[in-house]
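> Before anything else, here's the structure in question.
The values are calculated or read from the model by the stated rules, or taken from the named source; none is laboratory data. Being a predicted model, the structure only gives us computed values, none of them experimental. Every residue, glycine among them, receives a Cβ derived from its backbone with ideal geometry; neighbour counts consider all protein chains shown. Please note that ligands, DNA and RNA were not included when accessible areas were found on the heavy atoms of the full protein model with its side chains. Shrake-Rupley method; radii C 1.70, N 1.55, O 1.52, S 1.80 Å.
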Amino acid sequence: MGLIEKIEQIDRQLLFAINDANSPLFDTIMWWVSKPAFGIPFYLLFVFLLYKYFGWKSALIIVLSTGAAVGLADLSAKYLFKEMFERFRPSQNFEIKEQLHYVNNYHGGMYGFVSSHAANMFSIAMLIGLWLKKKIKYSLHFLLIWAALIGYSRIYLGVHYPTDVLCGALLGMLIAFLMYMVIIKAKLINFSAK
């Protein structure tokens, strides 16, 4: 068995382990965590904290750059990965789709590598976390756990393999780190604002 086949086998085993550990309570929680509205209270908190620690001008730059990072992550996930690799989501894979547990009959789109949810959420978590870690201890850790929960929900729902989420997370964090470095190099943030 080659390396790719071994990774695929482990990927499926992890998918089944996570997806099979379902219950009505977790179905409700993971469905909610996977929805865009789940992030709204967090986004509002992030904006408030950025304003509190950096002032409104720097907070605006950080928010706009985060939006740009999410846009780049989302477009990259779709056009550089999903449409290039055309790897079926577990929920669309004829070999295994009947073996999975689905919530609200949700199956997602056709292709899943890489997870756009993971790329987007990890870009937000990484970029906001890089700014806030200087002001709030463990904020980067908390934000990465928050993004990981969202990524986990996608596996739980049967619409992504673990490697879809892992690679999406790496893509999002890379884009966020590059955006962070551009802002630092351009000296766009006033660290002494507050």
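> Identify, by number, the condition in (1) touching a Leu at 6+ places or on another chain (Cβ under 8 Å); (2) surrounded by 15 or more Cβ atoms within 10 Å (Cβ to Cβ) that Y106 doesn't meet.
Tallying (1) touching a Leu at 6+ places or on another chain (Cβ under 8 Å); (2) surrounded by 15 or more Cβ atoms within 10 Å (Cβ to Cβ), Y106 fails exactly one: (2).
> Here's a follow-up. Could you give every pair whose Cβ atoms fall below 8 Å, whose first residue belongs to the stretch 152-168 and is closer than 19 Å to L80 by Cα and among the charged types (D, E, K, R), and whose second residue is open to solvent by less than 10 Å² (accessible area, probe 1.4 Å) and not in a helix (DSSP H, G or I), counting only separations of at least 6 or pairs across chains?
Every condition considered, the pairs that remain are D164/G112; D164/V114; D164/S115.
> Further, regarding this structure: Checking S116 against (1) open to solvent by less than 40 Å² (accessible area, probe 1.4 Å); (2) in contact (Cβ under 8 Å) with a residue 60 or more places away in the chain; (3) of a type in the set (S, T, Y), which test does it fail?
Status for S116: all satisfied but (2).
> What number goes with the only condition from (1) modelled with pLDDT of 95 or more; (2) under 22 Å from S23 (Cα atoms) that S116 does not pass?
Among (1) modelled with pLDDT of 95 or more; (2) under 22 Å from S23 (Cα atoms), S116 violates only (2).
> A further question follows. Examine the stretch 131-146 for a residue that is open to solvent by less than 50 Å² (accessible area, probe 1.4 Å), farther than 26 Å from W56 by Cβ and out of contact with any Lys or Arg (no Cβ under 9 Å at 6 or more places or on another chain), and state whether such a residue exists.
yes
> Is there a residue being of a type in the set (A, V, I, L, M, F, W, C), closer than 14 Å to T163 by Cα, open to solvent by 60 Å² or more (accessible area, probe 1.4 Å) and not in a helix (DSSP H, G or I) anywhere in the stretch 78-97? Walk me through it before giving the result.
Within the stretch 78-97, the first condition is being of a type in the set (A, V, I, L, M, F, W, C), and the residues that meet it are 80-81, 84-85, 88, 94, 96.
Now drop any that are not closer than 14 Å to T163 by Cα, which leaves 81, 85, 88.
From what's left, open to solvent by 60 Å² or more (accessible area, probe 1.4 Å): 85, 88.
Keeping just the survivors that are not in a helix (DSSP H, G or I) gives 88.
Among the residues of the stretch 78-97, at least one is of a type in the set (A, V, I, L, M, F, W, C), closer than 14 Å to T163 by Cα, open to solvent by 60 Å² or more (accessible area, probe 1.4 Å) and not in a helix (DSSP H, G or I), which makes the answer yes.
> Return only the number of the condition from (1) farther than 22 Å from M173 by Cβ; (2) open to solvent by less than 80 Å² (accessible area, probe 1.4 Å) that W56 does not satisfy.
(2)
> While we're looking at this one, here's another question. Which is farther than 28 Å from K134 by Cβ and surrounded by 17 or more Cβ atoms within 10 Å (Cβ to Cβ), of M1, M30? Break it down into steps so the answer makes sense when it comes.
Values: M1 fails: surrounded by 17 or more Cβ atoms within 10 Å (Cβ to Cβ).
Just one listed residue meets the conditions, M30.
> Among A17, A69, which is exposed (fewer than 14 other Cβ atoms within 10 Å of the Cβ) and either in a helix (DSSP H, G or I) or not charged (D, E, K, R) (or both)?
Values: A69 fails: exposed (fewer than 14 other Cβ atoms within 10 Å of the Cβ).
Being exposed (fewer than 14 other Cβ atoms within 10 Å of the Cβ) and either in a helix (DSSP H, G or I) or not charged (D, E, K, R) (or both) holds for just one of A17, A69, which is A17.
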